[in-house]
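Please treat every number below as a calculation from the coordinates, not as lab data. Predicted model only: the values in this text are computed from it and were never measured. In this analysis, Cβ positions are derived from the backbone assuming ideal geometry, glycine residues included, and neighbour counts consider all displayed protein chains.
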Amino acid sequence: MRTDSARTFALTLLAVAAPIPAWATDGYFSQGFGVKAQGQAGVALAWSQDALAAASNPAGTLDVGDRIDLGLTWFSPKRSAQIEGNAFGADASYSGNGKRNFWLPEFGYSKRLSDDLAWGVAVYGNGGMNTDYPANPYSRFGATGAAGVNLEQLFVSPSVAWKLSAVNNVGLALNLAYQRFSAKGIGLFSGFSATPSNVSDRGNDSSTGVGFRLGWTGKVSESVTLGASWASKVHGKFSKYSGLFADGGRFDVPESYGVGIKLQPDAQWSFGADYQHIRYSAVAAVGDSLAVLLQGVPLGASNGPGFGWRDVNVYKLAISHRVTQALELRAGFSHNSQPVPNDQTFFNVLAPGVVQQYWSIGATLHQQGDEISAFVGFAPAHTVRGQGSIPPGNPPGGFGGGNANVSLKETLVGLAYAWK
């Protein structure tokens, strides 16, 4: 590797210090990690290509060699909401795009210690969400000011990988998680909270937690590689918002797991597929239904109301073609199940993570051992139309009935440089 420890240290500081504002395609998890993986819809569980491998499958740290990867992605989500058939106001549409452009940095370092052992570190945004409604969708119910939320998740994942046999690798990564959250313009929900002073407009709050990820890769034959990965839940809590999130502000990063396959029939062509499962329903603040609010359970209470998200299943496909020794092209497609049920859209005006498809293309230019990679990704607009989503009746028990519809689409463009 043509880099020294000073450069490694400087790049690590750059990546750690950078803010990670994000929205992501798989609910609020990122579609993939590393510009190469993003260019093929996140397929990476059996297909490690760079030093961000530990973010998907730490066993891949052994396969990528000695390298430093530094990437930056421009991310532009378009989020909106509509209120229809409500007794307290006319039908109206609202734009949640008070902030339109986000910059997402990522960094990876990997080093082989021997033929059978390697270590590395990956720094990346695991996921997040952001809405900023200059015109407040909840103003008809008494809310004032602009409304929105901002969630950011930064992971630092040191990893180690071992070769158990000629065809099997295993890996372990620590997930050191930093989360930051803020909410504004939703003070009307204070009247439904166990801690009314800790619902809205409390500024930024943060939490830290530790989890781990286990991974395995195995070569079935010269042309077939399998992979599997499991990440534990990471505990977190936002005390300033103990009246908003269930269990007194508890906001954990959910458990996830997945399996993948890579097929490489020759030196020019590769094909891959991943399946991932994200357990949003196991985090009360995210998975509990808002319906329990109408049963007398206040916001912030034990097993209190949440956003009503279901678990997400993600299916990803990818293809790569080595056109020349210097040029590699790739593409990918993914589809995920819908996390937001039709009857839960009222609260999810704040968090419309509803896109279900993601298309991407990418390329890598190899030059004298170093690499330049780029990708373009697009999640087409998707709308979840509410069905009985706004509680009927008058306050304090109801909000006049009708429905909230929530929409989202996303565009991403990323660039990365690798020193090998």
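Hey, with R₀ at 22 Å, roughly what FRET efficiency would S76 and D201 work out to, going by the Cβ-Cβ distance, to 0.05?
0.25
Sorted by average packing, counted as other Cβ atoms within 10 angstrom per residue and highest first, what order do 59-65, 155-161 take?
59-65, 155-161
If the chain between Q295 and I361 were fully stretched, how many nm would it gain, using 0.36 nm times the residue separation less the Cα-Cα distance?
Gain on extension, Q295 to I361, equals 19.0 nm.
Where the only charges are on Cβ atoms (+1 Lys, Arg; -1 Asp, Glu), what is the dipole of the chain about its Cα centre, to the nearest 20 debye?
Using only the charged Cβ atoms, the result is roughly 320 debye.
Through the Karplus equation 6.51 cos²θ - 1.76 cosθ + 1.60, θ set to phi - 60°, convert the phi angles of segment 105-118 into ³J(HN,Hα) values in whole Hz; use x for Gly and Pro.
Once rounded to whole Hz, the list reads x, 8, 9, x, 9, 9, 8, 7, 8, 6, 5, 10, 8, 8.
Relative contact order of the chain: what whole-number percent is it, with Cα pairs under 8 angstrom and at least 6 residues apart?
So the answer I get is 18 percent.
Of the options S242, T411, A44, report the single residue whose Cα projects farthest towards the positive end of the charge dipole of segment 5-419 (beta-carbon charges: Lys, Arg +1; Asp, Glu -1).
S242
Which ³J(HN,Hα) values, rounded to whole Hz and listed in residue order, are derived for segment 31-45 from phi using the Karplus coefficients 6.51, -1.76 and 1.60 in 6.51 cos²θ - 1.76 cosθ + 1.60 with θ = phi - 60°, glycine and proline given as x?
Using θ = phi - 60°, the values come out as 5, x, 10, x, 4, 5, 5, 4, x, 10, 6, x, 5, 7, 5 Hz.
Which one of V210, P105, G185 has its Cα pushed farthest toward the positive end of the charge dipole of segment 5-419, where Lys and Arg give +1 and Asp and Glu give -1 at the Cβ?
G185
Karplus couplings for segment 130-146 from phi (6.51 cos²θ - 1.76 cosθ + 1.60, θ = phi - 60°), rounded to Hz, Gly and Pro as x?
With the stated coefficients, segment 130-146 comes to 8, 9, 8, 9, x, 9, 6, x, 9, 5, 5, 9, x, 6, 10, x, 5 Hz.
At 222 nm, what value in deg cm²/dmol follows for the chain if DSSP H runs of at least 4 each add -39500 (n - 2.57) and the sum is divided by all its residues, to the nearest 500? Could the numbers behind the result be given before it?
Values: 4 runs with 25 residues, N = 420.
Using -39500 (n - 2.57) per qualifying helix, the result is -1500 deg cm²/dmol.
Would you mind telling me which residue in A166, A284, A231 has the biggest mean-square fluctuation in a Gaussian network model of the chain, where springs connect alpha carbons within a distance under 10 angstrom?
A166
Which one of A90, L72, F347 has its Cα pushed farthest toward the positive end of the charge dipole of the chain, where Lys and Arg give +1 and Asp and Glu give -1 at the Cβ?
Sorting the options by dipole projection puts first A90.
Please determine, in degrees from 0 to 90 and to the nearest 10, the orientation of helix 5-17 with respect to the longest principal axis defined by the Cα atoms of the chain, where the helix direction is its Cα long axis.
In the chain, helix 5-17 runs at an angle near 20 degrees to the longest axis.
Specify which labelled value, from [x] 0.98; [y] 1.00; [z] 1.22, agrees with Rg/Rh (Cα atoms, Kirkwood Rh) derived from the coordinates of the model shown.
It is the value labelled [y].
Please compute the modelled spin-label separation between Q338 and Y417, points set 7 Å along Cα→Cβ, answer in nm with one decimal.
4.5 nm
What full-extension length gain, to one decimal in nm, is calculated for S239 and Q268 as 0.36 nm per residue of separation minus the Cα-Cα distance?
Working it through step by step, the gained length comes to 5.2 nm.
Collect residues whose amide H, placed 1.01 Å from N in the peptide plane, falls under 5 Å from the amide H of D201; neighbours closer than 5 in sequence don't count.
A183, K184, G185, I186
Just to verify a number: FRET efficiency for L164 and R385, C-beta to C-beta distance, R0 = 56 Å, to 0.05?
My answer for the efficiency is 0.65.
What length, rounded to one decimal in nm, is gained on full extension from A326 through to S223, with 0.36 nm per residue of separation minus their alpha-carbon distance?
34.9 nm
Can you tell me the Rg and the Dmax, both Å, for the Cα atoms in segment 240-368?
Rg and Dmax of segment 240-368, Cα atoms, are 20.4, 66 Å.
S232 versus R100, label points 7 Å from Cα toward the beta carbon: distance in nm?
4.4 nm
Amide H neighbours of F399 under 5 Å, at least 5 residues apart or on other chains, H built in the peptide plane: list them.
G393
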